[in-house]
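The values are calculated or read from the model by the stated rules, or taken from the named source; none is laboratory data. Computed from a predicted model, the values in this text were never measured in an experiment. Cβ coordinates were reconstructed from backbone atoms using ideal geometry, including for glycine residues, and neighbour counts include every protein chain displayed. Protein only, heavy atoms only, side chains kept; ligands, DNA and RNA dropped before computing areas. Shrake-Rupley method; radii C 1.70, N 1.55, O 1.52, S 1.80 Å.
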Amino acid sequence: MASVKVAVRVRPFNKREINMNAQLIIQMNGKMTGIINTKANARDESIRYKEFTFDHSYWSHDEKQLENVSQEDVYNDLGTEVVDCAFQGYNACVFAYGQTGSGKTFTMMGSPENQGLIPRICKALFEKMSENSKKGITHRVQVSYLEIYQERVADLLRNRDNTSLKVREHPKKGPYVQGLTTCLVTNYGHVEECMSRGNSHRTTASTNMNDVSSRSHAIFTITFVQAGYCDGVPSETVSKIHLVDLAGSERADATRASGQRLKEGAHINKSLVTLGSVISALAEVSLSDQNGYRKSFFIPYRDSVLTWLLKDSLGGNSKTIMIATISPADCNYGETLSTLRYANRAKNIINKPTVNEDPNVKLIRELRNEISKLKALMFSEHRSDMLAQLHEKEAREKELTEEWAGKWREAQAILREQRALGLRKSGPGVVLDSDRPHLVAIDDDPLTTGVTLYHLKEGKTSIGTEDSEVKQDIELRGAGMEPQHCVIVFQDGVATLHPQPGAYVMLNNLLIESPARLSQGCIIFLGKAHVFRFNDPAEAAELRKGDKIYNLSRLNLLSWSTPDLANSMENLQHSQDMDKSDLEHQRINLEKDREDFEKEQEVFEEKRRSLAEAQAKLEEEKKLLLREQFEQNQSMISSSQSVYRSLPSIANENAEHIIQIINYCLRGAGSQTHYEYEVRIRTVDDRWSILRRYSRFRDLHLSMKAKYGNIVSSISFPSKKFFANSESVARARKQHLEAYLLRLLETCKNNSNCPLAYGGPITKNVLINFSPFFQKGVFEIGKYGTC
Ligand SMILES: Nc1ncnc2c1ncn2[C@@H]1O[C@H](COP(=O)(O)OP(=O)(O)OP(=O)(O)O)[C@@H](O)[C@H]1O
């Protein structure tokens with residue numbers, strides 16, 4: 001049994017109160033807090049002055065005063081107790097209650113330079129964990145952060161999407177929020193990241209009382225699991241710590257709010273009124289207990305989301321602390337008195353905290369106790385009849401211990417794996433926060449369902465095809481991929497992409513031929529079918545630090561122009577949140593960045609010039625190639641015409657058989673896209689069509705060359721083209737391939753070793769016997785066209 005610990009904290013006057021010449025109405029002495037009603041009749045002391053005693057009365061009204069209580073003092077009193085609870089396996093809860101602007105957020109979260117309870121508690125947890133891990137104790141810590149706004153629950157660790165999460169009740173574990181993000185955190189930096197993500201998502205709106213007033217309740221929850229061996233006995237405890245920053249407790253009219261604000265106030269009051277009712281009912285329960293007449297009271301936990309979720313913390317299995325924050329000014333007398341009364345009532349709540357031990361571990365401990373008692377009994381009374389019982393218990397205890405150790409080892413292995421991969425759950429999603437540099441494949445194939453991520457090695461990571469003579473670290477297939485396409489060298493925290501000569505590699509839309517440094521978020525094209533985004537978590541973390549954000553433009557988007565940078569500077573100057581010195585600091589940084597950028601732009605210009613030259617050269621070569629190709633076409637067409645002429649039996653429509661490519665079409669998807677040619681065949685006894693892709697023609701050519709040697713080698717076969725999937729190549733190829741087939745048949749017909757040269761007419765069987773290429777159904781079964 002433990003009563004709720006209650007502390008009161010008074011803050012300094014705020015600007016508004018100073019401007020109003022507000023009078024100080026709070027007095028504190030030891031544990032006592034007094035409040036003066038300046039408007040009451042001076043002679044009626046009981047109305048003029050009221051006094052309350054709490055576990056702590058914190059005077060934080062003036063930091064220059066010796067007795068001023070700092071954030072550290074509050075942590076030393078209350079925060080350390082929460083940390084101890086976690087390590088002892090108790091649940092704990094700290095909630096801050098008070099009028100808007102009275103200092104709840106300051107006490108719970110604080111500011112970066114003056115941290116409050118939540119960051120201090122988390123920091124201390126990790127410090128103590130690292131000490132304990134030296135003793136072989138292992139831990140698992142998860143955090144979640146939610147907000148209750150207008151009785152709706154929002155996940156603060158997920159990007160804002162206005163979805164309200166449902167509160168459910170587990171028969172054993174009690175109320176919980178379904179689908180809430182829980183982040184596995186392994187160091188204080190992780191927690192800090194979660195806190196700042198959550199804080200930036202909190203719903204805030206201004207009221208007349210506090211310009212940055214929070215109108216919602218926020219609950220930061222730490223689930224702390226600790227396991228190890230204590231004097232050789234397994235031990236595993238779970239502790240849940242709720243750290244709650246409640247919304248302003250004032251009545252809606254006190255803030256002169258109206259409309260939407262008033263509606264919010266009504267909702268907030270619903271939660272707070274229910275909290276009040278729960279506290280009152282619990283206080284009645286404990287008073288009736290103390291007076292020896294136990295009455296049953298209905299505790300309205302379910303009347304609000306807040307009280308339902310905090311059920312265990314109020315009158316249940318938890319050590320709970322309430323911090324009531326108050327204003328020192330006479331203008332807030334009513335609200336401050338109401339807060340003090342609320343806090344005074346909370347003192348009476350009695351909780352029943354118990355150590356949350358793993359049930360199996362508890363059983364093991366109990367068995368061990370029984371075993372030692374049995375042994376003692378057997379020894380003192382020479383009871384050999386108990387031996388079987390002892391063996392049975394020992395065996396059961398051994399079995400349970402092994403089972404527990406295996407389970408824990410397995411859980412730790414999964415954790416380690418998740419940590420290495422950076423996997424974490426975010427609501428219904430899974431987020432991969434890898435801390436190593438990696439490539440994420442961006443796939444345009446509509447049939448792709450998985451997400452591919454390639455980690456880069458320290459040193460060299462080679463990328464190529466599986467046909468490469470040297471095994472490649474990352475093997476890719478598809479158009480334009482070279483066997484050894486490129487290498488990414490990751491050294492001293494810097495990744496550099498080295499394209500192999502002739503490989504098609506683009507970086508942020510620029511074709512590169514020499515090594516280029518990769519920067520966070522850049523896009524890489526390899527061949528014609530592969531696009532990747534490069535992520536370097538270490539660099540991203542650096543860039544995230546405010547003053548280095550401009551480097552992103554410098555490193556990554558060389559295409560940014562100077563006016564763009566100037567615009568971004570203008571935008572920055574318009575940013576209202578930044579104070580002057582910050583702006584000045586950033587202006588200097590920007591200036592420096594601009595200088596660096598200009599230097600890099602010069603380098604870039606130089607590169608662009610050489611690229612333009614290379615491009616012109618390429619154009620020239622292309623023209624030459626086209627001319628050559630044209631001449632080759634002409635010669636092939638004329639040769640095919642001569643074939644047509646010399647082969648009346650094959651080429652003539654009216655003749656007994658004919659081979660003709662009548663059409664071509666694009667088939668397949670993504671990297672499998674290719675052209676197929678429709679070959680119409682007519683022999684003396686049949687007619688049919690077959691679909692063949694270019695590579696099948698090439699296979700035919702190779703097999704014929706192997707069979708009939710020089711006579712086939714001399715037939716000109718259309719060469720491999722880089723842009724094989726373009727329409728113009730397909731069109732030209734159609735003619736070339738047809739001419740090739742006719743020439744092949746003609747040549748082989750005159751070769752005595754060939755089945756075509758038997759002297760009779762060419763029938764379907766003779767042709768298929770000559771090559772299965774002509775057989776319908778062969779190669780035509782692939783999902784994406786002929787295989
Ligand atoms: N103990 C304190 N010492 C110094 N400044 C304080 C203290 N408590 C509060 N303040 C200051 O008072 C202002 C209001 O405090 P805070 O935002 O914490 O109020 P709040 O009760 O959380 O308000 P809300 O209900 O809007 O969340 C802040 O500027 C804060 O820095």
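Observations on the model:
- Among the protein heavy atoms, those of HIS56 account for about 40 Å² of accessible surface (1.4 Å probe, every chain in place).
- Estimated at 0.36 nm per residue, the fully extended path between VAL355 and TRP688 surpasses their Cα-Cα distance by 111.6 nm.
- Per residue, the convex hull volume that the Cα atoms of the stretch 472-532 enclose (Å³): 80
- Kirkwood hydrodynamic radius of the stretch 647-774, Cα pairs, Å: 15.3
- All lysines inside 28 Å of LYS592 as judged from Cα atoms, apart from same-chain residues fewer than 8 positions distant: LYS545, LYS548, LYS580, LYS607
- Dividing the convex hull volume of the alpha carbon atoms of the stretch 441-544 by its residue count gives 111 Å³ per residue.
- Net charge of the neighbourhood of GLU357, taken over other residues with C-beta under 10 Å away and scored Lys/Arg +1, Asp/Glu -1, is 0.
- Computed extension length for GLU403-ASP473: 21.2 nm, one decimal, from 0.36 nm per residue of separation with the Cα-Cα distance subtracted.
- Remark: spin-label model distance ASN132-SER296 equals 3.9 nm, labels positioned 7 Å along the Cα→Cβ axis.
- In terms of the mean number of neighbouring beta-carbon atoms within 10 Å, the peptides 78-88, 608-618 order highest first as 78-88, 608-618.
- Reachable lysines, given that their alpha-carbon falls under 23 Å from the alpha-carbon of LYS270 and they are not under 8 places away in the same chain: LYS104, LYS166, LYS311, LYS347
- Cross-link pairs beyond the 26 Å C-alpha cut-off, checked among LYS15/LYS319; LYS135/LYS362; LYS5/LYS123; LYS128/LYS362; LYS172/LYS319: LYS15/LYS319
- Using the empirical formula 2.2 N^0.38 Å as the baseline, the Cα radius of gyration of the stretch 281-390 reaches a ratio of 1.85.
- Net charge over other residues, Cβ less than 12 angstrom from the Cβ of LEU744 (K, R count +1; D, E count -1): +2
- Surface accessible to a 1.4 Å probe, per residue, for the residues of the stretch 81-153, Å²: 35
- Straight-line cross-link partners of LYS471 among the lysines, defined as a Cα under 20 Å from its Cα and at least 8 positions apart when in the same chain: LYS457, LYS460.
- In this structure MET378 has an accessible area near 30 Å², from a 1.4 Å probe over the protein heavy atoms.
- Note that the stretch 647-774 presents 47 Å² accessible area per residue, ligands and nucleic acids not counted, probe 1.4 Å.
- Whole-percent carbon and sulfur share, accessible surface of the stretch 2-351, 1.4 Å: 49
- Förster radius 41 Å - calculated FRET efficiency between VAL273 and SER111 (Cβ-Cβ, nearest 0.05): 0.85
- Take LEU624: with every protein chain present and a 1.4 Å probe, its accessible area is about 90 Å².
- Sites LEU390 and ARG168 - FRET efficiency at Förster radius 60 Å, r taken between beta-carbons, to 0.05: 0.85
- Where labels lie 7 Å past Cα in the beta-carbon direction, separation of GLU466 and VAL233 in nm: 5.8
- Computed over the stretch 2-351, Kirkwood Rh from alpha-carbon pairs, angstrom: 21.0
- Accessible surface, per residue, of the stretch 441-544 when the full set of protein chains is kept, probe 1.4 Å, Å²: 53
- Neighbourhood charge, 9 Å Cβ-Cβ cut-off, centred on GLN520 and excluding it, Lys, Arg +1 and Asp, Glu -1: -3
- Placing R0 at 22 angstrom, the Cβ-Cβ distance between GLU619 and GLN500 gives a FRET efficiency of 0.45 after rounding to 0.05.
- All Cα-Cα distances of the stretch 3-67, cut into 5 Å bins from zero to the largest, leave 4, 16, 20, 21, 20, 14, 5, 1, 0 percent in each bin in turn.
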